[in-house]
């Protein structure tokens, strides 16, 4: 079973965030190229993609950017069988980082968390 710390999820989240122009405060924001996701949202999207639920992953990103609902993101973690605590930890880490260094900091966190898998 996938977890938010499993290597495939971490690698896919790194790919998602690396392709974004920036990493916003949680949960997401619209950008010229689509939707930029926060750390927790990228991890959830990765989980859905790896579960073969691509349409659900894209719907979640759009809903998060439109509603700004962290509860919606917590529900997505629950839908994946993951804990709200795992979601909240990633929300906190994402939002504690300064805007100018956020992308670098969340990618460093993911690289570190994926290294132990």
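The values are calculated or read from the model by the stated rules, or taken from the named source; none is laboratory data. For clarity, every value in this text was computed on a predicted model and none was experimentally measured. For neighbour counting, all protein chains shown are included, and Cβ atoms are generated from backbone atoms with ideal geometry for every residue, glycine included.
Couple of notes before you dig in:
Here is a yes/no grid of residues against (1) out of contact with any strand residue (DSSP E or B) (no Cβ under 6 Å at 6 or more places or on another chain); (2) surrounded by 21 or more Cβ atoms within 10 Å (Cβ to Cβ); (3) closer than 12 Å to residue 25 by Cα:
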| site | (1), (2), (3) |
| --- | --- |
| 51 | yes, no, no |
| 58 | yes, no, no |
| 76 | yes, yes, no |
| 84 | yes, no, no |
| 89 | yes, no, no |
| 103 | yes, no, yes |
| 109 | yes, no, no |
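- Residues of the stretch 21-30 that turn out to be within 12 Å of the chain's Cα centre (by Cα) and closer than 15 Å to residue 58 by Cβ, as a count: 2
- For first residues located in the stretch 48-69 and within 18 Å of residue 3 (Cβ to Cβ), partners that are modelled with pLDDT under 95 and lie 6+ apart or on another chain with Cβ distances below 8 Å form the pairs 50/2; 51/2.
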